[in-house]
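Here the structure is laid out as structure tokens; the discussion comes afterwards.
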């Protein structure tokens, strides 16, 4: 088997949050085809226990501890230059030396970079193919953050959005292929990086429909007779925090007036202080980390994704759909998901629509929407079919593997 370098900004295990779900399935897919050397950062002390799991899949694993407080201080050096803060946040001489050693031993090996921050460790020269999975357009998230913050953070985030976009464009110009999480995300980046059109594509996230199955028996975590409204996601991630706080302030009190048994359950690890404080309000539960999210989805009356800031595909939406739940989404949460509003999920925009739509469903539940959502996931969001798009991009043009990948639906024109 051929060697391959896989670089990820966060240890790709366990697959318990959006980026780690995608990176783990991508790594597992490639490890069945290559001798993978994995270089990654570990920003959660609890994740060090999973190195043996990764070593069982990879030939070599080089993991670097990342302390967010120190990394933030280090990133401030970028303010004296035109670099993005992201680049300096993830800068590490030891990881760079390890990657350089890999290239010395495997000069023609392909490279898969997961997220723009890790491109700085990939060798610019050489014969090996270089593919980057940007996942989503990180620079645009910083732009959205800037629009929702006051000075000086608005200035800092706006600067980061600008500098990171210049870096993303430079990466795309040097790499053989740049991938995103959805067709919509890829199309947007083509507008931002027109010089790289023809080398920009996507592969959708998948869902393990067998794991997220509504056909298993799960213990009910909710009080009897509760009308459970569930939100799932990492609760130290600002777009999730913003969504939950907004829903708790603008939507849920009005729902409780109409439905006194309504329960808003926030399920996700590392809840921020403001999210924890919501648990003191009537009808709101904040779980923190749970061993299994499926019981909370299985026994919920409805799932919500009231995101106001988002990029890429929301796994929380796909997982709830796989569990045959009716999901209420904002346009931001729907972006990139090929599902039909009104038939496979419910689309709303403002607080008034949230109250009206959720209240109507709680009054007259209808399982048909959830069943249609489950079928959509089964038909369109299998991991193996989506990951097949990557295979040929790591091979030189004209090889058999390259041709078979193109037939499987790769959207990048191989130069």
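Report, as a whole number in µm² per second, the diffusion coefficient that Stokes-Einstein gives for region 235-393 at 37 °C and 0.692 mPa s using the Kirkwood radius over alpha carbon pairs. Calculated translational D: 201 µm²/s. Over the chain, the Kirkwood radius and the radius of gyration, each from Cα atoms, give a ratio Rg/Rh of 0.97.
Where Rh denotes the Kirkwood radius from the mean inverse Cα pair distance, what is Rg over Rh for region 1-112? If you can, show how the numbers build up before the last one.
Numbers: Rg = 14.6 Å, Rh = 14.8 Å.
Rounded to two decimals, Rg/Rh equals 0.99.
Distance between the 7 Å Cα→Cβ label points at residue 220 and residue 59: 5.4 nm. To the nearest 10 degrees, how steep is helix 238-250 against the longest Cα principal axis of the chain, on a 0 to 90 scale? Long axis of 238-250 versus the principal axis of the chain: about 10 degrees. Length gained on full extension, residue 43 to residue 349, computed as 0.36 nm times the residue gap minus the Cα-Cα distance: 106.7 nm. Taking 0.36 nm per residue of sequence separation and removing the Cα-Cα distance, the residue 211/residue 80 pair yields an extension gain of 42.3 nm. Against the chain, whose longest principal axis is taken from its Cα atoms, helix 153-174 shows a tilt of about 50°.
Centre-to-centre, using Cα atoms only, region 224-261 and region 117-184 are separated by 32 Å. Axis of helix 138-147 versus longest Cα principal axis of the chain: the two differ by about 50°, to the nearest ten degrees.
Throughout, read-outs are computed from the coordinates displayed, never taken from laboratory work. These numbers were taken from a predicted model, which means no experiment stands behind them. Glycine gets a Cβ as well: all are built from the backbone with ideal geometry, and neighbour counts include every protein chain shown.
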